[in-house]
Amino acid sequence: MTSAQPRPTAEHAVTVQAALAWAQQQGLSRLEAQVLLLHGAGKDLHDRAWLLSHGTDALTAPLYLSFQTLVARRVAHEPVAYITGQKEFFGLPLLVDARVLDPRADTEVLVEWALSCLADVPAPHVVDLGTGSGAIALALKHSRPQAEVWAVDVSADALALAQVNAHRLALPISWRLGSWCAALGDERFDAIVSNPPYVAQNDPHLQTLRHEPLSALASGPDGLDDIRQIVQQAGSHLRPGGWLLLEHGFDQAQAVHDVLSNAGFEQVQSRPDLAGILRCTGGRWPTVK
Ligand code: GLN
């Protein structure tokens, strides 16, 4: 804690506004502060209008204390999604905790790309490798109810949470426990989609991601170990003309492009994330091989 904390006393109560300003001084964004205060107050996390209309209300002492604890967790880099236990992805409310990667809005780009690749396939067969919370698989199934969606994870803990999410959203998915394409038997798909681990194992950035499962983040010396494995395996699980679409690090587009081209993929191309950084690269398995 860097700055003096406003103390709730009989003469000087801490208002909603003052508590939010204090949290921002600790390094939280305004949105993070608002979401944590709503969570502490037991309100709907979307109800920021409530915060605005109650800006001059005094916080009760217990709420102010619990808010300080929530802010301290965020200052220690715990994702807001773990603190609140939920995250919206592609418009779907997901339960999220330390068993799975915190789904990022940037990954919605991968879902949109997959949907456009599958737009002309009447009942596409698609798999999400390393599904974590189930985010990608559930977004695909929600957008394409006729699709047969599979989801793979090597973590039984992750699959358990993904299954809870699917149940709550009433979205049927075929779950497979295992490592990448080894979990697929001899099944072939119209698209294989994955947000695999891709951070280099000695990247200092991992320190700020320490609350998330390392196995979902780090992948060997250059961060590409899992992507290379997936690309090597994917061809024998794609239908002719099927797509492999991968999320990767901010500086890996060229490397992933090369891995895909060298493995025989065609139409290899990249897509930018919300910040304009090439974040997803994919290619098409040849129609005639
Ligand atoms: N996008 C995450 C990050 O670097 C990493 C996610 C991943 O490895 N799949 O913050």
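Annotation: Arg168 carries an accessible surface of approximately 140 Å², with a 1.4 Å probe and no ligand, DNA or RNA atoms counted. Selection among His142, Leu115, Leu38 by position relative to the dipole of the stretch 22-171 gives Leu38 as farthest towards the positive end (Cβ unit charges, Cα centre).
Using the Karplus relation 6.51 cos²θ - 1.76 cosθ + 1.60 with θ = phi - 60°, the per-residue 3J(HN,Hα) values for the stretch 145-159 come to x, 7, 6, 9, 9, 9, 9, 10, 8, 7, 9, 5, 4, 5, 4 Hz, with x marking Gly and Pro.
Net charge of the neighbourhood of Asp222, taken over other residues with C-beta under 14 Å away and scored Lys/Arg +1, Asp/Glu -1, is -4. Mind jotting down the distance between the C-alpha centroids of the stretch 64-119 and the stretch 187-262, whole Å? With the stretch 187-262 and the stretch 64-119 each reduced to a Cα centre, they are spaced 20 Å. The charge dipole of the stretch 77-127, taken about its Cα centre with unit charges on the Cβ atoms of Lys, Arg (+1), Asp and Glu (-1) only, comes to about 120 debye. Summed over qualifying helices (DSSP H, 4 residues or more, each -39500 (n - 2.57)) and divided by its residue number, the chain shows a 222 nm mean residue ellipticity of -10000 deg cm²/dmol. Expressed as a whole percent, the accessible area of the chain that falls on carbon and sulfur atoms is 53 (1.4 Å probe).
Comparing Trp180, His237, Pro221 along the charge dipole axis of the stretch 170-243, the residue lying farthest to the positive side is His237, per the Cβ-charge model. In this simple spin-label model, placing a label point 7 Å from the Cα along the Cα-to-Cβ direction at both Gln25 and His205 gives a separation of 3.2 nm. Scanning residues 5 or more positions from Leu238 or on other chains, those with amide H under 5 Å from its amide H are Phe189, with H placed 1.01 Å from N in the peptide plane. Between Ser53 and Val288, the C-beta separation translates, for a Förster distance of 45 Å, into a calculated FRET efficiency of about 0.10.
Every pair of different Cα atoms in the stretch 148-246 enters the Kirkwood calculation, which places the hydrodynamic radius at 14.7 Å. Here the simple spin-label model places points 7 Å from the Cα toward Cβ, and for Ala61 and Asp186 these points are separated by 7.2 nm. Multiplying the residue separation of Thr69 and Arg239 by 0.36 nm and removing their Cα-Cα distance gives an extension gain of 56.1 nm. Take the Cα of Gln86, step 7 Å toward its Cβ, do the same at Ser143, and the gap between the two points is 2.3 nm. What does the accessible area of His205 come to, in Å² to the nearest 10, when a probe of 1.4 Å is used? Taking all protein chains as shown, His205 has close to 100 Å².
Once the 1.4 Å probe is applied to the protein heavy atoms, the stretch 110-172 comes out at 38 Å² accessible per residue.
Scanning residues 5 or more positions from Val199 or on other chains, those with amide H under 5 Å from its amide H are Ala218, Ser219, with H placed 1.01 Å from N in the peptide plane. Length gained on full extension, Ala119 to Ile277: 54.4 nm, using 0.36 nm per residue less the C-alpha separation. For the chain, a Gaussian network of Cα nodes joined below 10 Å ranks Gly242, Gly223, Gly42 by mean-square fluctuation, and the top entry is Gly42. Database remark: amide H of Thr131 closer than 5 angstrom to the amide H of Val152, Asp153 (H placed geometrically; neighbours at sequence offset of 5 or more, or on other chains; Pro and chain starts carry no H). Looking at the chain alone, DSSP beta bridges between its own residues are antiparallel in about 45 percent of cases. Simple point charges give the picture: +1 on the Cβ of Lys and Arg, -1 on the Cβ of Asp and Glu, and for the stretch 137-289 a dipole about the Cα centre of about 480 debye.
Backbone geometry of the stretch 46-57 corresponds, through the Karplus equation with coefficients 6.51, -1.76 and 1.60 at θ = phi - 60°, to 3J(HN,Hα) couplings of 8, 7, 5, 4, 4, 4, 5, 6, 10, x, 9, 5 Hz, x marking Gly and Pro.
The values are calculated or read from the model by the stated rules, or taken from the named source; none is laboratory data. Please read all numbers here as calculations on a predicted model, not as lab measurements. With ideal geometry, Cβ positions are generated from the backbone for all residues, glycine too; neighbour counts draw on all protein chains shown. These accessible areas exclude ligands, DNA and RNA; they are computed on the full protein's heavy atoms, side chains included. Shrake-Rupley method; radii C 1.70, N 1.55, O 1.52, S 1.80 Å.
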